[in-house]
Amino acid sequence: INEMWTELIYNDLDPTDKFILEHSLGLYNSPTLSTAEIAKKLSISPSAVSQRKAKIQEMLDERWQ
């Protein structure tokens, strides 16, 4: 069920957030990367990645309830 919610959320994300989710969870055979590695690949700060991760998690939590 959790995978289903992740898929539903994934489809609503912009490309940057999709990249973050893919590489945070290793979705679709993407390598799992640290926050710093994701930030470097996206040319954004690690804190921006963390904020986006928190937003994604919030979306998952809202859908789960």
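The values are calculated or read from the model by the stated rules, or taken from the named source; none is laboratory data. As the structure is a computational prediction, the values presented were derived from the model and not from experiment. No Cβ is skipped: glycine too gets one built from the backbone with ideal geometry, and neighbour counts run over all protein chains shown. Ligands, DNA and RNA are stripped out before the accessible areas are found, and what is left, the full protein with its side chains, is counted by its heavy atoms. Shrake-Rupley method; radii C 1.70, N 1.55, O 1.52, S 1.80 Å.
When you go through E62, E58, E7 one by one, which is the residue that is more than 12 Å from the chain's Cα centre (by Cα) and either open to solvent by less than 90 Å² (accessible area, probe 1.4 Å) or of a type outside the set (A, V, I, L, M) (or both)?
Details: E58 fails: more than 12 Å from the chain's Cα centre (by Cα); E7 fails: more than 12 Å from the chain's Cα centre (by Cα).
Only one candidate qualifies: E62.
If D12 satisfies every condition in (1) free of Cβ contacts under 8 Å to residues at least 40 places away in the same chain; (2) loosely packed, with under 12 Cβ neighbours inside 10 Å but one, which is the exception?
Every listed condition holds for D12 apart from (1).
Given the residues I56, I20, which is the only one that is out of contact with any strand residue (DSSP E or B) (no Cβ under 7 Å at 6 or more places or on another chain), assigned to a helix (DSSP H, G or I) and touching a residue at least 40 places away in the same chain (Cβ under 8 Å)?
Working: I20 fails: touching a residue at least 40 places away in the same chain (Cβ under 8 Å).
After ruling out the rest, the residue left standing is I56.
Using the structure shown, decide if L27 is in contact with a helix residue (DSSP H, G or I) (Cβ under 7 Å, 6 or more places away or on another chain), touching a residue at least 24 places away in the same chain (Cβ under 8 Å) and aliphatic (A, V, I, L, M).
Against the criterion (in contact with a helix residue (DSSP H, G or I) (Cβ under 7 Å, 6 or more places away or on another chain), touching a residue at least 24 places away in the same chain (Cβ under 8 Å) and aliphatic (A, V, I, L, M)), L27 does not qualify.
Give me the residue from region 23-53 that is among the small types (G, A, S), outside any helix (DSSP H, G or I) and open to solvent by less than 90 Å² (accessible area, probe 1.4 Å) and, out of that set, modelled with the lowest pLDDT.
Within region 23-53, the subset among the small types (G, A, S) is 24, 26, 30, 34, 36, 39, 43, 45, 47-48, 50.
When the remaining residues are screened for being outside any helix (DSSP H, G or I), the result is 26, 30, 34, 43, 45.
Cutting the leftovers down to open to solvent by less than 90 Å² (accessible area, probe 1.4 Å) gives us 26, 30, 34, 45.
Values: G26: 91, S30: 95, S34: 97, S45: 98.
Out of the qualifying residues, it is G26.
Could you list all residues from region 33-53 that are under 11 Å from the mean Cα position of the chain (by Cα) and β-branched (V, I, T)?
Residues satisfying the conditions are T35, I38, V49.
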